[in-house]
Amino acid sequence: MIRNTNLSSLKYKRVIDSDGNDIGTIKDAVINMNSLELRGFVIHGSRLEELMETLKLRADVDPLLSNDFIENFDTNQITLNVNKEKLSNAMAQGEIKEDEILFSQLRKIPVFSKQNRKVGIFSDIFFDSQGLSSYSLGGQVFQKILCDNNCSKTLNYVVNSSLLTKTNAGYEINRDIHDLEKHMKLNLTNAVRDILIESEKDGIITEDEKNLISAVKIDVINYQHAINLAQEDNIITKEEQMVLDSIKTQILENVISVAKKDDNITDEEILLIRKLASYMSNRKEELFWNIFGP
């Protein structure tokens, strides 16, 4: 089963069945339009195979891969626990139900706040430690909201499917725009999730990566506690913002200290630290480079 990763990271990995056959790469996903639950991944063949299918020189066969059929995955490939004969054809008539949609089509549908303000589109699917899916917001409208709130453009705002409702116009997120802006500006839990995803890309979480993830998790709890105190009166003062910024600074410094303990900052540690730094404001990014060096 796919866990602790996102759809974008899975694309272009070779899919190998239980008999050792290379059956293509993941290029799409089938989603229930109402619950937004994932039913499976759509596998495309080689460019030649896809071209031949487009020209009607061969039958259009794109295997539909259930998450349960995935044994494991690493940097280069996804290994199945069944052979390709067990997979249905996503392109067969009636295979994709009336209440289902391809993620590539879902990405074109707008997402609105409770006040009916457009806030973006779905840009990716994230899978947690249980394999359950959430959706990240993206698109030009969302990028503008990030810029207006002085957020890093690399920040992912992930929404659990339970907070999303299908409407005639698209999807409504059960938050108003103020809540969205507040969470995007202050919430660092996305950093923990993305660092975990980054470390899982090679299929192995090393001790170095575990230490960094643990360091972030502890500090984020303190950060979240400070946010809750600051928001009790629904106003975050300049003094409270300074406290929150100082905790962000401490998070970054602590993670770098953990990485330096063995006097050898590995490439994987650099990658994770940079990922975390991207969640900081420009001033915090400068702090990262001052401490860590180019």
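The values are calculated or read from the model by the stated rules, or taken from the named source; none is laboratory data. Fair warning: this is a prediction, and the values are worked out from it, not measured in the lab. Note: ideal-geometry Cβ built from the backbone for every residue, glycine included; neighbour counts use all protein chains shown.
For this structure, a couple of remarks:
- Residues being part of a strand (DSSP E or B) and of a type in the set (Phe, Trp, Tyr) - total across the range 68-93: 1
- Counting only strands (runs of 3 or more DSSP E) that fall entirely inside the range 1-63 and contain at least 2 residues that are more than 22 Å from Glu100 (Cα to Cα) and either modelled with pLDDT of 75 or more or touching a helix residue (DSSP H, G or I) at 6+ places or on another chain (Cβ under 6 Å) (or both), the qualifying elements are 14-16, 22-32.
- Among the residues of the range 120-150, those that are acidic (Asp, Glu) and within 19 Å of Leu163 (Cβ to Cβ) comprise Asp124, Asp128.
- Being exposed (fewer than 15 other Cβ atoms within 10 Å of the Cβ), at pLDDT 90 or above and of a type outside the set (Asp, Glu) is not true of Asn72.
- Qualifying residue in the range 72-95 (condition: among the basic types (Lys, Arg) and not assigned by TED's automatic domain parsing to the domain that holds Asn168): yes
- Annotation note: Cβ proximity below 8 Å between a residue of the range 11-37 that is without any contact (Cβ under 8 Å) to a residue 60 or more places away in the chain and a residue that is of a type in the set (Gly, Ala, Ser) (sequence gap 6+ or interchain) occurs for Gly24/Gly45; Gly24/Ser46.
- Condition check for Asn89: polar (S, T, N, Q), over 16 Å from Glu37 (Cα atoms) and modelled with pLDDT under 85: no
- Residues (under 16 Å from the mean Cα position of the chain (by Cα) and on the phi > 0 side of the Ramachandran plot) located in the range 1-43: Asn4, Leu36
- Residue match in the range 11-34 (condition: under 20 Å from Val158 (Cβ atoms), of a type in the set (Ser, Thr, Tyr) and either in the same structural domain as Ile173 (by TED's automatic domain parsing) or surrounded by 14 or more Cβ atoms within 10 Å (Cβ to Cβ) (or both)): no
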